[in-house]
1. How about region 20-36: which of its residues are open to solvent by 30 Å² or more (accessible area, probe 1.4 Å), within 16 Å of ligand 2 (Cβ to nearest atom) and touching a helix residue (DSSP H, G or I) at 6+ places or on another chain (Cβ under 8 Å)?
2. Return the residue satisfying two criteria in turn: it lies in region 117-140 and is open to solvent by less than 10 Å² (accessible area, probe 1.4 Å) and without any contact (Cβ under 8 Å) to a residue 40 or more places away in the chain, and of such residues it is nearest to ligand 1 (Cβ to nearest atom).
3. Identify the residue in region 100-128 that is in contact with a Leu (Cβ under 8 Å, 6 or more places away or on another chain) and in a loop (DSSP other than H, G, I, E, B) and, among all such residues, is modelled with the lowest pLDDT.
4. Please indicate, with yes or no, whether at least one residue in region 150-162 is of a type in the set (A, V, I, L, M), farther than 28 Å from residue 35 by Cβ and either within 16 Å of ligand 2 (Cβ to nearest atom) or open to solvent by 10 Å² or more (accessible area, probe 1.4 Å) (or both).
5. Just checking, how many residues over region 37-65 are away from ligand 2 (no atom under 16 Å from the Cβ), buried (at least 16 other Cβ atoms within 10 Å of the Cβ) and either in a helix (DSSP H, G or I) or over 18 Å from the mean Cα position of the chain (by Cα) (or both)?
6. Select from region 1-51 the residues that are touching a residue at least 40 places away in the same chain (Cβ under 8 Å) and among the aromatic types (Phe, Trp, Tyr) and list them in ascending order.
7. Does at least one position in region 67-80 carry a residue that is touching a Ser or Thr at 6+ places or on another chain (Cβ under 9 Å) and crowded, with 18+ Cβ neighbours inside 10 Å?
8. For residue 97, work out the one condition from (1) in contact with a Phe, Trp or Tyr (Cβ under 9 Å, 6 or more places away or on another chain); (2) open to solvent by less than 30 Å² (accessible area, probe 1.4 Å); (3) over 21 Å from residue 158 (Cβ atoms) it doesn't fulfil.
Amino acid sequence: MIRFENVGLRYGMGPEVLRDLTFEIKPQSFQFLTGPSGAGKTSLMRLLFLSLTPTRGLVRAFGKDTSALQKSQIPALRRRIGIVFQDFRLLQHLTTYENVALPLRVAGQEEGQYRSDVVELLKWVGLGERMHVLPPVLSGGEKQRAAIARALITRPELLLADEPTGNVDPPLARRLLRLFIELNRLGTSVVIATHDLALMDQVHARRMELADGRLQIHD
Ligand SMILES: Nc1ncnc2c1ncn2[C@@H]1O[C@H](COP(=O)(O)OP(=O)(O)OP(=O)(O)O)[C@@H](O)[C@H]1O
Ligand SMILES: [Mg+2]
């Protein structure tokens, strides 16, 4: 699905924050990405989302060498990936429902085509009652679930979630984890960046651990 070969990343003239990353995200797989603050988890998520280009090495996405692609070809690949940002990035002037529906609207769908899908997904993440409020009124955990729903509405093949339990209490974190496991069971590959050890202990999954810019994989 996504394959990295000897990937390195530096910002500007700074030091290399990621070094010699070689790994693969397989279809229908489930993995945690872990490592201390500043280890490069978000940077690696952005590389996976094709919103950063590596300073060296090769990133293949869905069978294509991304360095050989035209800029105009990237959005089509990205549409196959859903991402939950560490800081949510909900649009403050749109309701929960409108935020979640946005990717479909942008893709040119009519409301009649997607309305029931959006409502069903909002209920699935437990936001059925919070559909028509604006993000500033939502709690941290509700914002998190709205961001997750927005990432899932396009039925991506790969879901990237950056600290998706960073702002919620342990019971809600467990519920979100169950939601990701269920999603994976339905066929989506999942990558969860987290430093929540208690969360990772709840499921036997592949662990990708970043330290000093390098990646160690525990299958
Ligand atoms: N836009 C940027 N410009 C310059 N340096 C950056 C930028 N983004 C991240 N960095 C640096 O890259 C390194 C990795 O940062 P990154 O945000 O990927 O870590 P992280 O593992 O996600 O941390 P956290 O757990 O705190 O979210 C850090 O040293 C950070 O300062
Ligand atoms: Mg981060």
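The values are calculated or read from the model by the stated rules, or taken from the named source; none is laboratory data. Fair warning: this is a prediction, and the values are worked out from it, not measured in the lab. Here the Cβ is made from the backbone with ideal geometry for all residues, glycine too, and neighbour counts use every protein chain on show. For accessibility, only protein heavy atoms count, side chains too; no ligands or nucleic acids. Shrake-Rupley method; radii C 1.70, N 1.55, O 1.52, S 1.80 Å.
1. none
2. Only one residue fits best here, namely 127.
3. The selected residue is 125.
4. Of region 150-162, the ones of a type in the set (A, V, I, L, M) are 151-153, 158-161.
Retained after the next criterion (residues that are farther than 28 Å from residue 35 by Cβ): 153.
Add one more test, that the residue is either within 16 Å of ligand 2 (Cβ to nearest atom) or open to solvent by 10 Å² or more (accessible area, probe 1.4 Å) (or both), and what stays is 153.
Yes: region 150-162 contains one or more residues that are of a type in the set (A, V, I, L, M), farther than 28 Å from residue 35 by Cβ and either within 16 Å of ligand 2 (Cβ to nearest atom) or open to solvent by 10 Å² or more (accessible area, probe 1.4 Å) (or both).
5. Number of matching residues: 2.
6. 4, 23, 30, 32, 49
7. Checking region 67-80: not a single residue is touching a Ser or Thr at 6+ places or on another chain (Cβ under 9 Å) and crowded, with 18+ Cβ neighbours inside 10 Å.
8. Checking residue 97 against (1) in contact with a Phe, Trp or Tyr (Cβ under 9 Å, 6 or more places away or on another chain); (2) open to solvent by less than 30 Å² (accessible area, probe 1.4 Å); (3) over 21 Å from residue 158 (Cβ atoms), the one that fails is (1).
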